[in-house]
Amino acid sequence: MSNILRRPVVVRLALKPSLVAARRGISASRAFARDEDVQDQWQRVTTSKSQQRKVNDRPWQRESSNALPKATSHDPSGGDGTKGRLLTTPTRLLKLILPMPFHPEQEYINATEEEKQKWSKRAVEPLALLVHPQQPLSYLERLIQAEIPPMRTKGREKLPELVFRAEAASHAETERGSSSSSGERHGDNVAAYSGLGHEGPDGDSDKARWVRWSSSTEVGDFIRDAARGREFAIGIEGLERELRVAVPSFKDRTFYLRTRLRKMSLQIDQMSRVKKECDLLAHKGAHRLAKGGFAALAGWWGIVYYVTFHTDMGWDLVEPVTYLAGLTTIMGGYLWFLFISRDLSYKAAMNLTVSRRQTALYQERGFDPHRWEQLVHEANSLRREIRMAATEYDVEWDEMRDLGREEVLDVLEKEEEESGEKKKKSSKKEDEDEDEEEEGGEAEPVTRGGGGSEGGRKE
């Protein structure tokens, strides 16, 4: 009877480990399911974050219109949407517009054919970049690499390498450029340049000789050399075709410079007329003042003559008066030149009277001398830049076409010569001061040495 009563206890004790194991299995399965849910949720979050990061890091992948951005200067590509453009801006920067042959959802640049078939034919909008002509091509390469998808190689991501190519001078161009304007012929080791750019004659770009340029070359130098052809190419690793960019010509590169020069020329023309009239009146006033001084001296001579020989006063009274009047005039003139702190000369007196009269006339006519100097300085700076660009592109610049009138050219050349003379005088004066300081510094130790030797001799 006791054995029968003990069996359920044994059965319960035997079933207890199996129940514990079952409960542990259920809890483990539930934990695994929770881990899978968390992993799926994390994957969805990271995927959305990576997509958002891709959109933020690659602005050209954002959804927007596919129209090319509006350009303020001439379109060198002629409206071809498959070709890039290099535009000039009002500043010294260049705007590079590249067509992006990628899909907005493309994650790698070397996508498979199956992935390409899944995508639609919709392409991304063109990419606009601002570069300075003095920046190297490596800087432009980094900008483009930051905007294109990475490259997948052996399960790893890498930035695709870029290659910049330009058309080399053909044999015909070398023969055409072998003779200069003076008739002198040069050999094949002299490069031929042309500023026509996209305005040049049409040619087969596939048959052209292309040269790879170093990434350390400045953008401005690369564009000037590429101007002998109509376009240059940008090769991207992993992309089947190259990106062609139309090369700007000399007119395109100097478009805004010449526009600013025309506007300044109109202002200089108007202000030069007012300045010329004021200067003429000031010089006439100074000459009238000089003539008035001569008339006063002649009148004084006549008074002395009349009082001396035609009155009862005689020379005994006129002599001390004349002496004192002359001495007073000399003392007054001496004090006046000491006050103005200038050279005691007729030219200094004339310049002082003319400058004072000019200042009064300028204020009366509303002429601003500081504005005038600023305009002339900026116009001459623009002229120098355009001339440098014309020299680099090997073209002739018609200066009178942009200046408008010969009077403006004469004014600018005159001011440029005067500023050059002032710079030479200031540099010469600085050199003389430096020489005097060096001579004074060298004379001191010699004097000290001489004194010591004399003292030694006396002893």
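The values are calculated or read from the model by the stated rules, or taken from the named source; none is laboratory data. Note that the coordinates shown come from a computational prediction; the quantities given were computed from them, not determined experimentally. A quick note on method: Cβ atoms are made from the backbone with ideal geometry, for glycine too, and the neighbour counts reach across all protein chains shown.
Right, Ser249: among the small types (Gly, Ala, Ser), touching a residue at least 60 places away in the same chain (Cβ under 8 Å) and more than 19 Å from Pro90 (Cα to Cα) or not?
Details: among the small types (Gly, Ala, Ser): yes; touching a residue at least 60 places away in the same chain (Cβ under 8 Å): yes; more than 19 Å from Pro90 (Cα to Cα): no.
Criteria not met by Ser249.
Would you check if Val321 is touching a helix residue (DSSP H, G or I) at 6+ places or on another chain (Cβ under 9 Å) and without any contact (Cβ under 8 Å) to a residue 60 or more places away in the chain? It would help to see each step written out before you state the result.
Working: touching a helix residue (DSSP H, G or I) at 6+ places or on another chain (Cβ under 9 Å): yes; without any contact (Cβ under 8 Å) to a residue 60 or more places away in the chain: yes.
Yes; evaluated as a whole, the condition is true for this residue.
What are the pairs with Cβ atoms under 6 angstrom where one residue, in the stretch 136-161, is in the same structural domain as Pro101 (by TED's automatic domain parsing) and the other, located anywhere, is of a type in the set (Val, Ile, Thr)? Sequence gap at least six, or different chains.
The qualifying pairs are Leu137/Thr217; Leu140/Val131; Pro149/Ile109; Met151/Ile109; Pro160/Ile109; Pro160/Ile236.
Looking for something assigned to a helix (DSSP H, G or I) and over 30 Å from Phe102 (Cβ atoms) - is there at least one such residue anywhere in the stretch 227-239?
Filtering the stretch 227-239 for residues assigned to a helix (DSSP H, G or I) gives none.
No, the stretch 227-239 contains no residue that is assigned to a helix (DSSP H, G or I) and over 30 Å from Phe102 (Cβ atoms).
Do we have any residue at all in the stretch 341-356 that's touching a His at 6+ places or on another chain (Cβ under 8 Å) and modelled with pLDDT of 80 or more?
Scanning the stretch 341-356 turns up at least one residue that is touching a His at 6+ places or on another chain (Cβ under 8 Å) and modelled with pLDDT of 80 or more.
Has the stretch 216-223 got any residue that is among the acidic types (Asp, Glu) and either surrounded by 15 or more Cβ atoms within 10 Å (Cβ to Cβ) or touching a residue at least 60 places away in the same chain (Cβ under 8 Å) (or both)?
Just the residues of the stretch 216-223 that are among the acidic types (Asp, Glu), to begin with: 218, 221.
With either surrounded by 15 or more Cβ atoms within 10 Å (Cβ to Cβ) or touching a residue at least 60 places away in the same chain (Cβ under 8 Å) (or both) added as a condition, the list becomes 218, 221.
For the stretch 216-223, residues among the acidic types (Asp, Glu) and either surrounded by 15 or more Cβ atoms within 10 Å (Cβ to Cβ) or touching a residue at least 60 places away in the same chain (Cβ under 8 Å) (or both): present.
Restricting to the stretch 360-375, count the residues that are assigned to a helix (DSSP H, G or I) and of a type in the set (Asp, Glu). Can you show your working first?
First pass over the stretch 360-375, keeping only residues assigned to a helix (DSSP H, G or I): 360-365, 369-375.
Checking the rest, the ones that are also of a type in the set (Asp, Glu) come to 364, 373.
Of the residues in the stretch 360-375, 2 are assigned to a helix (DSSP H, G or I) and of a type in the set (Asp, Glu).
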